[in-house]
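All of the numbers you see were taken from the coordinates with simple rules; none came from a lab. Note that the structure is predicted; figures quoted are calculated from it, not measured. Reconstructed Cβ throughout: ideal geometry from the backbone, glycine too, with neighbour counts over all protein chains shown.
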Amino acid sequence: MPQQRVMITAGASGIGKVIARAFAAEGAMIHICDVSEAALARFREEFPDIAASHVNVRNEGEVDAWFDDALEDLGGLDVLVNNAGIKGPTAPVDDIELADWRECIEICLDSQFLCARRAAPVMKAQSSGAIINMSSNAGLFGFGNRTPYAAAKWAVIGLTKSLAIELGPYNVRCNAICPGNVKGERINTVIQGEADLRGVPFDVVARESVGGQSIARFVEPEEVADLCVFLGSDKARMINGEAIAVDGHAETFHIK
């Protein structure tokens, strides 16, 4: 099997780094980007053989420059993982500033458009490829007091299904992953924000956040990464246009 060529946004830390590690374990060639210089420095030390670029995915020019470099570096593209995102503000809608709304939409949604726009012609020309967009359970259920984030994640699913229709005839697949509460620093900041807003202890919100799941625990980042590797492989060659939850079967939506 030819060596896969993979690009990952926000790949220097958190879920993105775990995704990069999972593809590397499969022997893939990888080029990640991230906006954090500190995270990139740590990533380069840990993974010296993986190309890593500083990119603000809100910036069209920086995204285009990254693609130019990565496509030359990799010699093509088989899998794009649109992983970049932020939690956005935690507040009632009437307390959210337009600037904060736009920042969340630009990072969680616009970046996926900018990257898909560059990946599509490459994958169409080779009649193969997979785009994996990171959504969230917030894109399935909605999320009170997190309206920018939920709106962006719902839109990611619309983008995904539309790209699947558009690119499927070229044998290019596009799927969305909808993680639940993924263990790590990011979910801790989300839980703390909710706790502060409600004036309750962190542990109360943490318990509630998995209380509506059939499997009542936090998701391991590796469980999201494993799905990325599968969706990028030939084993998933007839899976297209799906929004796949990794959340332990969340019946009641709390914190995502």
Notebook entry, point to check: Looking at region 74-143, what helices (runs of 4 or more DSSP H) fall wholly within it and have at least 2 residues that are touching a strand residue (DSSP E or B) at 6+ places or on another chain (Cβ under 9 Å) and not charged (D, E, K, R)?
Noted result: 111-126, 138-141
Margin query: Within region 97-109, does at least one residue satisfy the condition of being in contact (Cβ under 8 Å) with a residue 60 or more places away in the chain and within 24 Å of residue 179 (Cβ to Cβ)?
Written below: no
Margin query: So residue 169 ticks every box in (1) without any contact (Cβ under 8 Å) to a residue 12 or more places away in the chain; (2) within 27 Å of residue 92 (Cα to Cα); (3) assigned to a helix (DSSP H, G or I) but one. Which box is left unticked?
Written below: (2)
Note to self: Residue under question is residue 251, and the condition is that it be under 24 Å from residue 158 (Cβ atoms) and more than 21 Å from the chain's Cα centre (by Cα); does it hold?
What the structure shows: yes
Notebook entry, point to check: Mind checking whether some residue in region 187-203 is surrounded by fewer than 20 Cβ atoms within 10 Å (Cβ to Cβ), within 30 Å of residue 122 (Cα to Cα), of a type in the set (Gly, Ala, Ser) and in contact with a helix residue (DSSP H, G or I) (Cβ under 7 Å, 6 or more places away or on another chain)?
Noted result: no
Margin query: Just the residues that are closer than 21 Å to residue 128 by Cα, crowded, with 16+ Cβ neighbours inside 10 Å and of a type outside the set (Phe, Trp, Tyr), please, taken from region 55-75.
Written below: 70, 71, 74
Note to self: Residue under question is residue 164, and the condition is that it be over 13 Å from the mean Cα position of the chain (by Cα) and within 24 Å of residue 98 (Cβ to Cβ); does it hold?
What the structure shows: no
Check: Quick one: in region 14-54, which of the residues that are aromatic (Phe, Trp, Tyr) and in contact with a strand residue (DSSP E or B) (Cβ under 7 Å, 6 or more places away or on another chain) is surrounded by the most Cβ atoms within 10 Å (Cβ to Cβ)?
Finding: 23
Check: Can you find even one residue in region 195-215 that is over 18 Å from residue 146 (Cβ atoms), without any contact (Cβ under 8 Å) to a residue 24 or more places away in the chain, part of a helix (DSSP H, G or I) and not hydrophobic (A, V, I, L, M, F, W, C)?
Finding: yes
Check: Do you know which residues across region 151-178 are surrounded by fewer than 24 Cβ atoms within 10 Å (Cβ to Cβ) and within 24 Å of residue 196 (Cβ to Cβ)?
Finding: 151
